[in-house]
1. For the stretch 15-54, what is the relative contact order in percent, using Cα pairs closer than 8 Å and at least 6 residues apart in sequence?
2. Using only the alpha carbons of the stretch 6-95, determine the length spanned along each of the three principal axes and report them from longest to shortest in whole angstroms.
3. Counting Lys +1, Arg +1, Asp -1, Glu -1, what net charge surrounds residue 171 among other residues with beta carbon under 13 Å of its beta carbon?
4. Among all the aspartates and glutamates, which ones have a C-alpha under 12 Å from residue 41's C-alpha, if same-chain residues fewer than 8 places away are not counted?
5. In whole Hz and in residue order, list the ³J(HN,Hα) couplings for the stretch 28-41 that follow from phi through the Karplus curve 6.51 cos²θ - 1.76 cosθ + 1.60, θ = phi - 60°; x for Gly and Pro.
6. Cα atoms only, the chain: Rg and Dmax in Å?
7. Determine ³J(HN,Hα), in whole Hz, for all residues of the stretch 146-157 in sequence, where each value follows from phi through the Karplus function 6.51 cos²θ - 1.76 cosθ + 1.60 and θ = phi - 60°; x replaces Gly and Pro.
8. Give me the one-decimal nm value for the distance between modelled label points at residue 35 and residue 62, 7 Å along each residue's Cα-to-Cβ direction.
Amino acid sequence: MQSRGLADLLPFYGGIVFVLIVKDVFGRSLGKLLLGMTIRKVDDFSRRPPLIVLLKRNLLLLLFPVEGVVLVRDAYARRLADKWWGTVVLDDQKAMRPILRILLGNIILFGFFSAAILFQRSGIEKTAAFQTAEQAIRVHSSLRLLLEQAPEIEEPEMHLDLRVNAENPSLVRVRVGDEETGKLVSVSLNLRENPRGWEVLDIEIKPISEVED
């Protein structure tokens, strides 16, 4: 079983912090753009705050609990950062038409879910359980010829029980070959204690045509 160290998590959390800090550098975040809102100076609604103010304003998002309390208690729903740096969030008079904002929102949502699917597959393939199952699949005599024709293993699914010597085995399911003549391969695994790692219990192979029927 693989574990993720601190170094592996730094890019993820560092990316979140970076996005929080720079999200309003153009006077609005993506969310504000979709809602037709913008950030302005509280003493002059026609002027956008300078870049340094926008960055400092977003830095206070790291104090999210405090910002949340101030936001809820303020009569005008202004953040603590708005009060400190003299900013306010207003409706943008030059905002895109609503239909265009809806279209943009749908495009972004589609892109987000597409990226999530790609990252999910990448995450599955990096696990020790999947790698153990993949190794067993690639050396299986019944699949060798099929893998020579189509070496890629597609549509990975994984259902894991991380308890040692669990009563119900974990399962890795993949497709080998194309969608019409390929095979659906299910690998049963168990997490052993000593040495700690995954061991293959069984490999079940079914033609995709039989599964679909």
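1. Details: 24 pairs, mean separation 12.9, N = 40.
Answer for the stretch 15-54 is 32 percent.
2. 45, 28, 23
3. On the way: positive: 173; negative: 157, 161, 202, 204.
Summing Lys/Arg as +1 and Asp/Glu as -1 gives -3.
4. Cα-Cα hits under 12 Å: 82.
5. The phi angles translate into 6, 8, 4, x, 5, 4, 5, 8, x, 10, 8, 9, 9, 6 Hz.
6. Computed over the Cα atoms of the chain, radius of gyration and Dmax are 25.8, 76 Å.
7. 5, 6, 5, 7, 9, x, 6, 9, 10, 6, x, 10
8. 2.4 nm
Computed from the coordinates by the stated procedures, all read-outs in this text should not be read as laboratory data. This is a predicted model, so every value here is computed, not measured. Neighbour counts are summed over all protein chains in view; Cβ atoms, including those assigned to glycine, are modelled from backbone coordinates with ideal geometry.
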